[in-house]
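Here's the structure we're looking at; comments come further down.
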Amino acid sequence: MDSETIEVGSTFPAPPSQYKYFSQDNLDLLEGLPTDIPATKEAFVEWYNKTKGEDIDVDLRTTLVKPRVDWILEDGYYSAYGELWPLKESLPSLKESGVEQLYPDDLPVYLDKKPVLHSLLRTILMTHFDITRELTAAPPPLNADPLSRVRDKIEHIRLTGINMHHIINELRPMQAKETLNYLQQQQQDKRKTKIEEIKAKHEEIRQNIATLQQASAQTIERVTKENSLNAEQTDTTIETTNKSNASNINQLLELINDL
């Protein structure tokens with residue numbers, strides 16, 4: 001029994017030991033179970049021993065049944081890992097916890113508790129100052145309690161700290177809401193930044209393409225002009241060469257005629 005208690009309360013408890021009974025054979029056996037068996041564990045164990053020839057220490061009729069959700073809803077809590085957990089999470093008040101409450105009950109909203117937190121913090125600081133001042137006083141008699149003068153102040157600091165902690169716990173829902181809003185805003189800002197980066201890159205690429213198109217057009221125009229100029233120069237050179245050849249031929253013919 002002690003080992004089971006330790007197992008339930010361990011950091012990483014194993015599955016409940018009942019899982020080994022959830023075999024297909026036992027489920028089939030439960031479906032064909034005779035109705036004349038008395039509703040006691042001893043009667044079922046005896047019937048199981050006669051039928052299967054094996055020993056068993058549980059009544060499968062109560063072990064393999066589905067959880068009664070209506071019972072859980074009626075009780076308002078459920079059991080898990082040896083602890084009872086309420087269905088509706090609620091923060092118990094200081095009075096319900098047996099702790100003295102140092103601030104009024106009629107605080108309407110979360111933000112109105114800021115001044116209360118500041119007041120409690122000042123109380124802790126002033127009480128700590130009083131304790132420090134007591135340390136500078138003359139020591140008490142040897143037969144007196146050395147903490148008699150500061151015990152109440154230490155208890156007051158502890159009580160004030162519990163009250164502050166309780167107020168902070170009441171602010172947890174607002175903290176969760178604001179944290180979620182912050183995370184969503186952060187994601188939205190990141191997406192906006194990514195979109196702006198994509199737009200900037202798109203504009204940069206568009207400008208580069210326009211520059212390449214302009215440079216290509218200028219290159220094509222320049223090459224076309226150079227080709228046209230080269231063609232004209234070639235035609236002029238050919239014409240000049242032809243004229244020179246014709247003149248030489250005429251001179252040669254004249255020399256032949258003179259002979």
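The values are calculated or read from the model by the stated rules, or taken from the named source; none is laboratory data. Model, not experiment: these values are computed from the prediction. All Cβ positions, even for glycine, are placed from backbone atoms using ideal geometry, and neighbour counts span all protein chains on display.
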### Task
Please go through region 30-49 and pick out each residue that is modelled with pLDDT of 80 or more, part of a helix (DSSP H, G or I) and not hydroxyl-bearing (Ser, Thr, Tyr).
41, 42, 43, 44, 45, 46, 47, 49
### Query
Do the conditions hold for residue 134, that is, is it under 30 Å from residue 26 (Cβ atoms) and at pLDDT 75 or above?
no
### Task
Take the residues in region 58-71 that are part of a loop (DSSP other than H, G, I, E, B) and among the β-branched types (Val, Ile, Thr), then tell me which one is surrounded by the most Cβ atoms within 10 Å (Cβ to Cβ).
58
### Summary
Given (1) touching a helix residue (DSSP H, G or I) at 6+ places or on another chain (Cβ under 7 Å); (2) within 23 Å of residue 96 (Cα to Cα); (3) of a type in the set (D, E, K, R), residue 130 misses just (2)
### Message
So, residue 55, is that one under 30 Å from residue 176 (Cα atoms) and either modelled with pLDDT under 80 or part of a loop (DSSP other than H, G, I, E, B) (or both) or not?
### Response
no
### Message
Checking the structure you have, find out if any residue of region 224-232 is out of contact with any strand residue (DSSP E or B) (no Cβ under 6 Å at 6 or more places or on another chain) and either of a type in the set (Gly, Ala, Ser) or at pLDDT 85 or above (or both).
### Response
yes
### Query
For region 2-22, which residues satisfy the criterion of being modelled with pLDDT of 70 or more and either over 38 Å from the mean Cα position of the chain (by Cα) or of a type in the set (Phe, Trp, Tyr) (or both)?
12, 19, 21, 22
### Query
Of the numbered conditions (1) surrounded by 12 or more Cβ atoms within 10 Å (Cβ to Cβ); (2) modelled with pLDDT of 90 or more, residue 178 satisfies every one except a single condition; which is it?
(1)
